[in-house]
Structure formats: C-alpha cells, structure tokens
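Remarks on the structure that follows.
The values are calculated or read from the model by the stated rules, or taken from the named source; none is laboratory data. Please read all numbers here as calculations on a predicted model, not as lab measurements. With ideal geometry, Cβ positions are generated from the backbone for all residues, glycine too; neighbour counts draw on all protein chains shown.
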C-alpha cells in the first residue's frame, strides 16, 4: 500500500513538475534559436567557406547537454512499449538534448560568421546506461568548426 | 595549437603530415552528483553535474591528444572526431582522434 502511494506521488509530481520544466525549456530553446538564426550552422565541409575573404581564425566549437526524463514519462514509455509504435515520451527528451547542445555550441564559440561541418552525437549515460529497457538520461554533444572572416 | 574538424585549417596551408593522434579518458561521477541526479530523475530536466563532468572529460581527452601532437612536432590537429561510450555503470569513456599536421 505504501509503495503504491509513493508510486502515485512520484508519477503525479513527475507529471506536473516535469511538464512545467519541459515547457519552460522549450520556450528558452525557441527564443535562443530565433536570436541566433543569423549565424549559419551547416553540416557541409569546406565548400561553404567564402574563398574570397581572408580568415581571421578557425576554431573547434563544442557544446553538450545531459537531459533526464521524468518519472511520469518513464512510466508512460513502459506502457507504450507494450503496444509499440511511436514512443512519444522519448521524442521530446532527445529533441531537447540535441537542440540545447547545438545552441550551446554556438553560444560557447568565439564570435564567428559560420559554423561548418557540424556533427551531433547522442549517447545514453548515467546509471541506466547499461541496463536494458530503461533509458534514464541522454547526452547530446554537438561540435563543429567556427570560422571568422577578417572584416575588410 | 589549431584544432578543427574539417579537412584543413581554413586560411592556412598544410606543409607536413604526422598521422593519427588520439586521446581518451574514462570518467565516473562522484556520489554527491549521483544522489542529486537520482532526485532530478523524478522531475526530469537537465543534469548539470553530468553535463559539466562530460565537458571536463572532453577537455582532458583533447589535451591528451594535443600533447601527443606537440610531441610529434605538429602545430595543428585536423579532422577531429569525438566518440562517447559507457564502459561500466556510471562511467563513460570519451575518445577523441584526429590527424596531426603542420600548417603555415
């Protein structure tokens, strides 16, 4: 009985706080994405670098984010696993991690005109990393080469 | 030391190749961060402790790679790739590799 109460409390608090935090995170992601829209981030290699301009510097830009899933969604995903299909509970988790990582890559890089050869990698980390069937938290890591032209 | 993940250092020319250089590190988080993370697992959201831990681990791996490149006489590492794997519960390995070159 006590375990059932604890479970219900965890699911309800996970749902309420988790949904609130997720919405707040999405608002912040969307705001920062619109602010940074002027800086192109491309997955192409060097073809996109303007040959006619002189280059001041080219450095590696990195950004990472570890995002954890809430208790309610973990419960929901185990239900969705029974029937198969879209596991919607995990979609927002990886989406948030990747978008946050890309934003951090841009923010942590020195001022630049273009980020070329952007790569994103994702890995499951934390206690549940080596356990089957449970994804606790995912890490997204984005990196690329930030190029700054000389202004003249 | 120039580090890029494209096939050259933009704006410079490569004069000499030194081959593959790499660096790796295996990190585990300490118990305090672990306890905080398990609380955070209830409500979800970012695990800042883990983000920092992996960031530090990548810095260290990159440092090891650049040290190796320096000892070969290179001044740049190009076409750098990162990979992450979890080797054991609570520990993750960061591996970084690239080609050491001299640029002018």
> Within region A:105-117, can one find any residue that is crowded, with 21+ Cβ neighbours inside 10 Å, touching a strand residue (DSSP E or B) at 6+ places or on another chain (Cβ under 9 Å) and within 28 Å of residue B:35 (Cβ to Cβ)?
Replying inline: no
>> Among the residues of region A:59-68, are any surrounded by 15 or more Cβ atoms within 10 Å (Cβ to Cβ) and farther than 24 Å from residue B:80 by Cβ?
In response: yes
>> Restricting to region B:52-78, count the residues that are surrounded by fewer than 18 Cβ atoms within 10 Å (Cβ to Cβ) and in a strand (DSSP E or B).
In response: 0
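Every residue, every condition in (1) farther than 29 Å from residue B:83 by Cα; (2) more than 9 Å from chain B (Cβ to nearest Cβ); (3) touching a residue at least 40 places away in the same chain (Cβ under 8 Å), yes or no:
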| position | (1), (2), (3) |
| --- | --- |
| A:27 | yes, yes, no |
| A:34 | yes, yes, no |
| A:41 | no, yes, yes |
| A:44 | no, yes, yes |
| A:68 | no, no, yes |
| A:80 | yes, yes, no |
> Does region A:70-102 hold any residues that are in contact with a strand residue (DSSP E or B) (Cβ under 7 Å, 6 or more places away or on another chain) and within 18 Å of residue A:21 (Cα to Cα), and which are they?
Replying inline: A:93, A:94, A:96, A:97, A:98, A:100, A:101
>> I'm checking my understanding of the structure. Among residues of region B:81-104 that are out of contact with any helix residue (DSSP H, G or I) (no Cβ under 8 Å at 6 or more places or on another chain) and closer than 23 Å to residue B:12 by Cα, which one is surrounded by the most Cβ atoms within 10 Å (Cβ to Cβ)?
In response: B:101
> Hey, among the residues in region B:2-30 that are part of a loop (DSSP other than H, G, I, E, B) and more than 10 Å from chain A (Cβ to nearest Cβ), which one's modelled with the highest pLDDT?
Replying inline: B:13
> Name the residues in region B:35-86 that are within 7 Å of chain A (Cβ to nearest Cβ) and more than 13 Å from the chain's Cα centre (by Cα), would you?
Replying inline: B:37, B:40, B:41, B:42, B:43, B:44, B:45, B:46, B:47, B:50, B:51, B:86
